[in-house]
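Taken together, the values in this text are just the output of simple stated rules run on the coordinates, not laboratory data. What you see is a predicted model; the values in this text were computed from it and never measured. Glycine gets a Cβ as well: all are built from the backbone with ideal geometry, and neighbour counts include every protein chain shown.
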């Protein structure tokens with residue numbers, strides 16, 4: 001979906017700098033790289049130290065940098081390092097929502113605040129909870145400020161994985177474009 005959005009905007013996939021949050025063991029980054037994204041930089045983050053260890057072990061050289069950090073409690077040096085990446089794409093394969101097992105919407109907004117002035121955000125929302133997607137144009141404006149124009153570009157239901165008994169587990173993939181207007 002991120003590649004499709006990049007193509008639709010006429011961007012060069014090789015010029016995309018990706019911030020891959022909740023990156024886990026790097027499966028998401030590997031898929032992004034296979035799609036030709038992240039050629040100017042692929043940066044991973046996760047709050048779990050073991051995730052970083054697994055990514056560096058299982059996919060050495062995939063990420064230019066992989067940081068273990070809490071997006072809701074960034075230290076000044078962490079914020080500076082993340083902003084210096086000049087990422088223009090954010091990927092989050094962890095479901096975003098208000099259920100305890102999901103990435104809090106505030107963390108997605110915090111990560112998006114580290115992006116350049118014209119960027120794409122792709123994430124997942126679990127529709128099986130019956131709760132609406134918390135990421136709306138209003139949520140972006142409240143979290144990032146009214147000088148950000150947030151446009152939902154695509155929303156698509158897909159099979160994210162299969163359960164151990166073979167039942168498909170579906171998610172909604174969502175792509176937003178966030179542009180600073182000031």
Exercise for review: Using just the helices of the chain, give the 222 nm mean residue ellipticity in deg cm²/dmol: DSSP H runs with n ≥ 4 each add -39,500 (n - 2.57), and the total is spread over all residues, rounded to 500.
Suggested key: -7500 deg cm²/dmol
Practice item. Mind checking the full-extension length gain between residue 180 and residue 141? Use 0.36 nm per residue of separation minus the Cα-Cα distance, one decimal, nm. Key: 13.0 nm
Exercise for review: Measure off 7 Å from each Cα along the Cα-to-Cβ vector at residue 48 and residue 27, then give the distance between these two points in nanometres to one decimal.
Suggested key: 1.1
Review point. Using alpha carbon centroids, what distance separates region 18-66 and region 88-120, in Å?
Key: 15
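So what is the relative contact order of the chain, in percent, for Cα pairs below 8 Å that sit 6 or more residues apart?
On the way: 369 pairs, mean separation 34.4, N = 182.
That works out to 19 percent.
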Check your understanding: For residue 35 and residue 58 in the same chain, what is the full-extension length gain: residue separation times 0.36 nm, less their Cα-Cα distance, in nm?
Key -> 6.4 nm
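Give, in nm to one decimal, the length gained when the segment between residue 73 and residue 152 is fully stretched (0.36 nm per residue of separation minus the Cα-Cα distance).
On the way: separation 79, 0.36 × 79 = 28.44 nm, distance 2.71 nm.
Computed gain between residue 73 and residue 152 is 25.7 nm.
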Practice item. Could you tell me whether region 1-144 comes out rounded, prolate or oblate from its Cα gyration tensor? Rule is a ≥ b ≥ c as square roots of the eigenvalues, rounded for a/c under 1.5, then prolate if a/b exceeds b/c, otherwise oblate. Key: rounded
